[in-house]
Amino acid sequence: MSASDESTNLLEVRGLTKIFGTLTACDHIDLTIAKGEIHALLGENGAGKSTLVKMLFGSLEPHSGEISWKGETVRINSPHAARRLGIGMVFQHFSLFEALTAAENIALSLDDKTPIATTAAKARALSHSYGLPLDPHSLVGDLSVGERQRIEIIRCLLQTPELIILDEPTSVLTPQEADKLFETLERLKSEGKSILYISHRLEEVKRICDRATVLRHGKVVGHCDPRKETAASLARMMVGNEIQAIVRAPVENAGKAETLLEIRGLDRTPATPFSIPLRDINLSVRAGEVIGIAGVAGNGQGELFEAVSGEVLQKQAGTVRIRGKDAGRLGISARRKLGAAFVPEERLGHGAAPRMKLSENLLLSRHATDAKAYLGLAGVIRNSSLASAAQRIISVMDVRKSAPDPEAASLSGGNLQKFIIGRELDRQPSLMVVNQPTWGVDAGAAARIRQALIELARKGSAVLVISQDLDELFEISDAIAVMHNGELSSPLPRAEATFEKIGLLMGGAEPGHVELPVEAA
Amino acid sequence: MRIELVKRPQYSRVFSALSPFIALVLTLIAGAIMFSALGKNPADALYYYFIDPLRETWSLHELAVKAAPLILIAVGLSICYLSNNWNIGAEGQFIIGAIAGSILPVAFPTFQSWIVLPLMMIMGMIGGAAYGAIPAWLKVRFNTNEILTSLMLVYVAQLFLDWLVRGPWRNPQGMNFPETRTFHPYAILPEIWPESGRAHWGFVFALVAAIALWFVLSKTLRGFEIKVLGQSPRAGRFAGFSAGRMVFFAFMLSGALAGLAGISEVSGAIGQLRPVISPGYGFAAIIVAFLGRLNPLGIVAAGLVLALSYLGGEAAQISIGVSDKVVRAFQGMLLFFVLACDTLIHYRIRFAGPAAKAQEAGQNA
């Protein structure tokens, strides 16, 4: 399977193993990366991709196995050591100080005492030569996520690495920004640099990667040439079996059903210097339909969710209407009593209290709506009815867990999300608002969650889904609106929406300009 | 060799239960070392300190007298700490409660009726709650740090009491001593069992409060709300609980209980207001709350232990002639060890031997 026969591989990993307690996160991983190739590391969440690259980058120490770099066995015991060898990494979650400029952030990560002006000049030169325009003197807090990623990439390139590890780089980019990133990667490859590209997006892996290593449950399940595979065959390797296909029945009496959620002229001033103000948001969601809200992270989706859920109140009662009733001045419990249900983006610490049991977390969102079932006289909690309801949700949603009623924090992200979604579905809400329903959830569970949302809508509820995952929105939505810089476009019906149109709106194009690239595509 | 703390994957139930006991043992060991450094026989000293006070009926009553305010204050504080509100000012709420409760017997000594005592208790609670509401309001309105404001208000309360008993409320027949007139019989909190000793109804209040709050915390939605808001405020907001209202609830409830402790102490044990009415109950109750694992029933036991440290301090002062400051030293050591031992709940100790060290040296080379 080796791409280069005569020259030694840049990086060779043999039998690398990492054990956390009873979990073998990486089990005898073998991997070779040749000079000048883009190598994909594929796998579902929890397959061991992050653990593997953390060992390569020196932030975790392997239990056993060896790593050789240019034919010599090495021990990488710190990120510093990794950088010295010539391994650079761009993390999925950026580590930038928002109150500092780009150049200052870059200077902080360099080991030497180069003056900031020199660093800024170098960064500017580098950014131009790689087609990643960046003003080194701009404040990180003012930059878009795509621009922040450029800082991370330039910071990495300044250390002239020979192997660059990119962790899910496109998850925060618009399709157009992603295209630019791919050009940069091609350019780096032509200069003989190697890239380890971690992703679960199969189309882009097929497009830019020379070879792929697929992980499942901590083991390598195959090496392949992604260009010779189909997305379906790659997915099968990742998941181990076929993923349930989403069925989307047509909406009955579309456009005539009752409006269950109406947002009219919603404005919100930013609560902190780095949060996004909401400007004149209008949206209505009718019974029976799923409306998707696309957008790059940090464009006000979190702020919108808080405003709709009632965690933050509006100035006027009529700004948010739920089932025809003014709800703008009602708190989250009162909005729930009107029939609404909410699932926030963060699971631990927002949708669920980490150190509380699942049955207690059931009470968290349902104590107001189901007071009769779960509370007795003087607010005494009925533990037995809570426990049986929790068990019902666990079995309906197929939540995998280690104890009968475990703490929320002990569940994997995907299983906890299944429980949180199931907790709300169990109520048969007439309005469901979900932020990032399947972020970090494995493909099988994600399909189940998406199907459940569609079915809820088809039974006569209104569903609003905020997501950064365009594939997901195209799969489940009847119309897609785009959030950019605190503003919401009007929803495009699913039949008219294309990746290009939505992508342009995500990048901030005027709605009027949307028609242009359709011919090009 | 190096000692390392390694985070446990899940918290240890064993150490959660054992930690207070380990802390007690370590405190006794450190106490023995302290006594021998003072030139006393540690065995004798510990005997007079911790065993002797438990041998007589009257001193068991004294134990209840000292434990009553500690338990009352500490169960209120447990609500504060569980909901992540760091009320350090119970001493001040205790004093203001005592002052508010003393208005009737001191300023209106001629008003004598059975209704006076219940009114005094209620006014004491209102006074403490109102004083607790100040740091709560500052926290909610201006986001000030409640640790600082509640602590500083203690000194305000202490000086206010000092001024009262030296100025406007000084006993006209008191020969210029800085104290108020003694309470009339209708204003005295009676003893539970007068034939055997001095323990007053304050101890019963403490037990009732502990059981009631244990029930609220472990069985009701309000208890759930307290814990959720304390553990993850954002999840609490998602649940529809108001963090701001919880700040007021926790501070005013603990203020009210501290106020009740204050007026009970004055009306049950002292019988008048003096410049100093508390040997630091409000601060010692912080230790009680943590030693009792913030569980109201655990706090009853912890309150008795701390009360013993006060009694033993007095006993040791008389029998073996050590300074009364030893009491504070003991309480400080106890809090220190309790907090230190709590580390073992979430961490385990690992001894990194010379082998590991050599290996690391090899890596760094």
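Only the coordinates and a few stated rules stand behind these numbers; no lab work does. These numbers were taken from a predicted model, which means no experiment stands behind them. Cβ placement follows ideal geometry from the backbone for every residue including glycine, while neighbour counts extend to all protein chains displayed.
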Chain B: angle of helix B:354-364 to the longest principal axis, Cα-based, in degrees nearest 10: 70
When each of A:Lys49/A:Lys193; A:Lys18/A:Lys122; A:Lys206/A:Lys501; A:Lys315/A:Lys501; A:Lys372/A:Lys418; A:Lys54/B:Lys7 is checked by Cα-Cα distance, pairs over 28 Å: A:Lys18/A:Lys122; A:Lys315/A:Lys501
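Among B:Val300, A:Val221, what is the fewest-to-most ranking by other Cβ atoms within 10 Å?
Fewest-to-most Cβ neighbours within 10 Å comes out as A:Val221, B:Val300.
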Alpha carbon centroid spacing (whole Å) that separates the stretch A:362-425 from the stretch B:118-135: 39
Calculated FRET efficiency for the pair A:Thr230/A:Ser129, C-beta based, R₀ 35 Å, to 0.05: 0.45
Theoretical ellipticity at 222 nm over chain B - DSSP helices of four or more residues, -39500 (n - 2.57) apiece, nearest 500: -22500 deg cm²/dmol
The stretch A:195-258: GluC sites (Glu not before Pro) in DSSP coil with no more than 16 other Cβ atoms inside 10 Å: A:Glu242, A:Glu252, A:Glu258
Neighbour-count ranking [beta-carbon atoms within 10 angstrom, fewest first] of B:Leu117, B:Leu159: B:Leu159, B:Leu117
Point-charge dipole on Cβ atoms (K/R +1, D/E -1) for the stretch B:67-292, about Cα centre, debye to 20: 600
Gyration tensor verdict on chain B (Cα atoms; rounded if a/c is under 1.5, prolate if a/b is larger than b/c, oblate otherwise): oblate
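Please give the net charge around A:Ala373, taking every other residue with its beta carbon less than 13 angstrom from that of A:Ala373, where Lys and Arg add +1 and Asp and Glu add -1.
That sum, taken over residues with Cβ under 13 Å, equals +3.
Tell me, which longest segment in chain B has none of the GluC sites (Glu not before Pro) that fall in DSSP loops with at most 15 further Cβ atoms within 10 Å?
Values: sites that count: B:Glu56, B:Glu195.
That would be B:196-365.
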Helix B:116-142 axis, angle to chain B major axis (alpha carbon atoms, nearest 10°): 50
Loop trypsin sites (Lys or Arg not before Pro), the stretch A:113-197 (other Cβ atoms within 10 Å of the site Cβ: 12 or fewer; DSSP): A:Lys113
Shielding score for A:368-375, defined as the mean number of other chain Cβ atoms within 10 Å: 1
Given charges at beta-carbon only (K, R positive; D, E negative), |dipole| of the protein assembly as shown in Debye: 1840
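When Cβ neighbours within 10 Å are restricted to other protein chains, what is their mean count per residue of peptide B:228-235?
Mean shielding count: 6.
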Rounded tilt (10° steps) of B:90-101 against the dominant C-alpha axis of chain B: 10
Residues A:His128, A:His367, sorted so that the one with the fewest Cβ neighbours within 10 Å comes first: A:His128, A:His367
Loop-resident sites, the stretch A:27-130, for chymotrypsin sites (Phe, Trp or Tyr not before Pro), counting at most 14 other Cβ within 10 Å (DSSP): A:Phe97
Inter-chain shielding of A:328-337 (mean C-beta neighbours from other protein chains, 10 Å cut-off): 2
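Antiparallel versus total DSSP beta bridges in chain A: what percent is that, nearest 5?
Numbers: 38 of 74 bridges.
So the antiparallel bridges amount to about 50 percent of the total.
What does the charge count around A:Arg148 come to, taking other residues whose C-beta lies under 12 Å from its C-beta (Lys +1, Arg +1, Asp -1, Glu -1)?
On the way: positive: A:Arg150, A:Arg155; negative: A:Glu98, A:Asp142, A:Glu147, A:Glu152, A:Glu177.
Neighbourhood net charge equals -3.
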